[in-house]
Amino acid sequence: FIKDFSKAMSQAGSSQFQEVIRQELEYSMKVELDKILATAHSNEIEHTKKDLEGFKKLFHRFLQEKGPSVDWGKIQRPPEDSIQPYEKIKARGLPDNIASVLNKLVVVKLNGGLGTSMGCKGPKSLIGVRNENTFLDLTVQQIEHLNKSYNTDVPLVLMNSFNTDDDTKKILQKYSHSRVKIYTFNQSRYPRINKETLLPIAKDVSYSGENTECWYPPGHGDIYASFYNSGLLDNLIAEGKEYIFVSNIDNLGATVDLYILNHLMNPPNGKRCEFVMEVTNKTRADVKGGTLTQYENKLRLVEIAQVPKAHVDEFKSVSKFKIFNTNNLWIALSAIKRLQEKNAIDMEIIVNPKTLDGGLNVIQLETAVGAAIKSFENSLGINVPRSRFLPVKTTSDLLLVMSNLYSLNAGSLTMSEKREFPTVPLVKLGSSFTKVQDYLRRFESIPDMLELDHLTVSGDVTFGKNVSLKGTVIIIANHGDRIDIPAGALLENKIVSGNLRILDH
């Protein structure tokens, strides 16, 4: 078939010819999806149909649109008042009736991801992070603490994917006596498509066994449609809920902030925001994060994938684009319902190429939840402290949150007061530490890191009990060598290499 669709399109010249090709591709896709639907059992037909309809719309847009790039010339800095400093929001204080404001809130955690990047099977939310507590345990503890402290009823909603749903539901039984109502709904399940033929690789609806690689959850932008389709959105509105606070379950900094909630419910100018995005200042480690810009008179999230190649370095510049999206979002439920019913939520398509185990190249079409900001009325960015962005994507991140840099209180992690500066050390653990079980085996106990600035570890290295790391520490075991840092060792500004020669740095 067509080797590279976009190249063929650009060379095709005649728009009539392009249109014929597009129609043929859409028709072929429809035929294949109908075949897949025909294999569904009666109890699966309804939701499979919804999933495939949603996919068809996305595929149609993918064929129509001229690639993800934004028009760089139209990008402007956001107006001064469109991104508010958190200090200003906090300075307003809290009303006496904060409980009645809290009762209007629902906490939604994005729980579709697997722990594969950290070598774990099953939902990422079930990885132990701190004192045997998982991401999910900490989330439940935080909300339970809120509900007990203010005598409120803030529910937790988990957006699962078909990858995480079964395992998550099994675990939820352990919270049946906690003071948090927990609901779940599932993200859509979309078919991966062959990069060359642009047809689905699935032949039937099943997604177990050899078919696991045929399907994917289409990114967290799917929350609007799935939440609405599940019926849960309407139920929560009927219960008097007004806002959701959405965040990634692996962001341990994303706790309910009463000052932001109060700003939403009691806006100073009387006009409520339908969408608030928490942003925070970029550091050198965040150059790839999406940023908020002004585009055609709307606040718009621009991701690195949308930036024309010639401007990528400019996009990464910390001086020009100073902030990035934490993916902590506050959204009005009534607005989601209104926009969903009008089919008016506009999110750019992210084309995510993958190579399957057998070597087949596929693409999956995705969207991102924050990209919808331009569809909502009266959107706002709030520049929050870095402490609200504490994602755990790798074992290097895990080392930070397990260490004495943080103290744990009612499910929330806060930076230790004993740390003299507010930034987190830069930690880079080598490939011997990538998998959680290998990482845990290499530390007899987590080192004291209160005075650490930078740690790089590479090769076969293990740490004894009660090791202290200060300043800049670099430990490199050459290929075939092994370095054991002895129990009780203090490494301050040291380079350790080869055969445990410890050098001052």
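Here are a few things to note about the model shown:
- For the criterion of being more than 27 Å from Ala91 (Cβ to Cβ) and either basic (Lys, Arg) or assigned by the TED database to the domain that holds Ile345 (or both), Asp257 fails.
- Within the range 195-223, considering residues that are charged (D, E, K, R) and part of a helix (DSSP H, G or I), the one most open to solvent (accessible area, probe 1.4 Å): Glu210
- Among the residues examined, Thr139 qualifies as open to solvent by less than 40 Å² (accessible area, probe 1.4 Å), at pLDDT 95 or above, under 21 Å from Phe185 (Cβ atoms) and not assigned by the TED database to the domain that holds Leu399.
- Within the range 120-130, the set of residues being surrounded by 15 or more Cβ atoms within 10 Å (Cβ to Cβ) and either within 18 Å of the chain's Cα centre (by Cα) or part of a loop (DSSP other than H, G, I, E, B) (or both) comprises Cys120, Gly122, Pro123, Lys124, Ser125, Leu126, Ile127, Val129.
Let's see how each residue does on (1) touching a helix residue (DSSP H, G or I) at 6+ places or on another chain (Cβ under 7 Å); (2) at pLDDT below 95; (3) within 16 Å of Leu399 (Cα to Cα); (4) basic (Lys, Arg):
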| residue | (1), (2), (3), (4) |
| --- | --- |
| Ile446 | yes, no, yes, no |
| Leu452 | no, no, yes, no |
| Asn466 | no, no, yes, no |
| Lys470 | no, no, yes, yes |
| Val473 | no, no, yes, no |
| Ala487 | no, yes, no, no |
| Ile495 | no, yes, no, no |
| Arg501 | no, yes, no, yes |
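- Qualifying position, being in contact with a strand residue (DSSP E or B) (Cβ under 6 Å, 6 or more places away or on another chain), modelled with pLDDT under 95 and outside any loop (DSSP other than H, G, I, E, B), among Leu236, Leu292: Leu292
- The range 48-93: number of residues that are closer than 27 Å to Ile304 by Cβ, in contact with a helix residue (DSSP H, G or I) (Cβ under 9 Å, 6 or more places away or on another chain) and part of a helix (DSSP H, G or I): 8
- Top-ranked residue in the range 301-315 [being open to solvent by 30 Å² or more (accessible area, probe 1.4 Å) and touching a Pro at 6+ places or on another chain (Cβ under 9 Å); ranked as nearest to Cys273 (Cα to Cα)]: Glu303
- Residues in the range 158-184 that are of a type in the set (Gly, Ala, Ser) and either touching a helix residue (DSSP H, G or I) at 6+ places or on another chain (Cβ under 7 Å) or open to solvent by less than 40 Å² (accessible area, probe 1.4 Å) (or both): Ser161, Ser178.
- When each of Thr434, Thr414, Thr394 is tested for being without any contact (Cβ under 8 Å) to a residue 40 or more places away in the chain and of a type in the set (Val, Ile, Thr), the lone residue that passes is Thr414.
- Annotation: Asn147 fulfils all but one of (1) farther than 27 Å from Glu366 by Cα; (2) assigned to a helix (DSSP H, G or I); (3) touching a Gly at 6+ places or on another chain (Cβ under 9 Å); the unmet one is (3).
- Among the residues making up the range 446-474, those that are over 20 Å from Met118 (Cβ atoms) and not in a strand (DSSP E or B) are Gly464, Lys465, Asn466, Val467.
- Condition check for Arg192: farther than 22 Å from Ile223 by Cβ, open to solvent by 20 Å² or more (accessible area, probe 1.4 Å) and in contact with a Leu (Cβ under 9 Å, 6 or more places away or on another chain): no
- Qualifying residue in the range 316-337 (condition: open to solvent by 30 Å² or more (accessible area, probe 1.4 Å) and at pLDDT 95 or above): yes
- Close pairs (8 angstrom Cβ cut-off, 6 or more residues apart or separate chains): surrounded by 14 or more Cβ atoms within 10 Å (Cβ to Cβ) and among the hydroxyl-bearing types (Ser, Thr, Tyr) in the range 480-505, at pLDDT 90 or above and not in a strand (DSSP E or B) anywhere: Ser497/Ala477
- Out of Thr355, Thr283, sole residue that is open to solvent by 50 Å² or more (accessible area, probe 1.4 Å) and free of Cβ contacts under 8 Å to residues at least 24 places away in the same chain: Thr355
- Every residue from the range 341-388 that is touching an Asp or Glu at 6+ places or on another chain (Cβ under 8 Å) and assigned to a loop (DSSP other than H, G, I, E, B): Glu348, Ile349, Leu356, Asp357, Thr367, Ala368, Phe376, Glu377, Asn378, Ser379, Val384
- The one condition from (1) of a type in the set (Lys, Arg); (2) part of a strand (DSSP E or B); (3) surrounded by fewer than 16 Cβ atoms within 10 Å (Cβ to Cβ) that Lys418 does not meet is (2).
- In the set Glu87, Glu65, only one residue is not assigned by the TED database to the domain that holds Val302 and not polar (S, T, N, Q); that residue is Glu65.
The values are calculated or read from the model by the stated rules, or taken from the named source; none is laboratory data. Everything numeric in this text was worked out from a predicted model, so none of it was measured. We place every Cβ from the backbone using ideal geometry, glycine too, and count neighbours over all the protein chains shown. Protein only, heavy atoms only, side chains kept; ligands, DNA and RNA dropped before computing areas. Shrake-Rupley method; radii C 1.70, N 1.55, O 1.52, S 1.80 Å.
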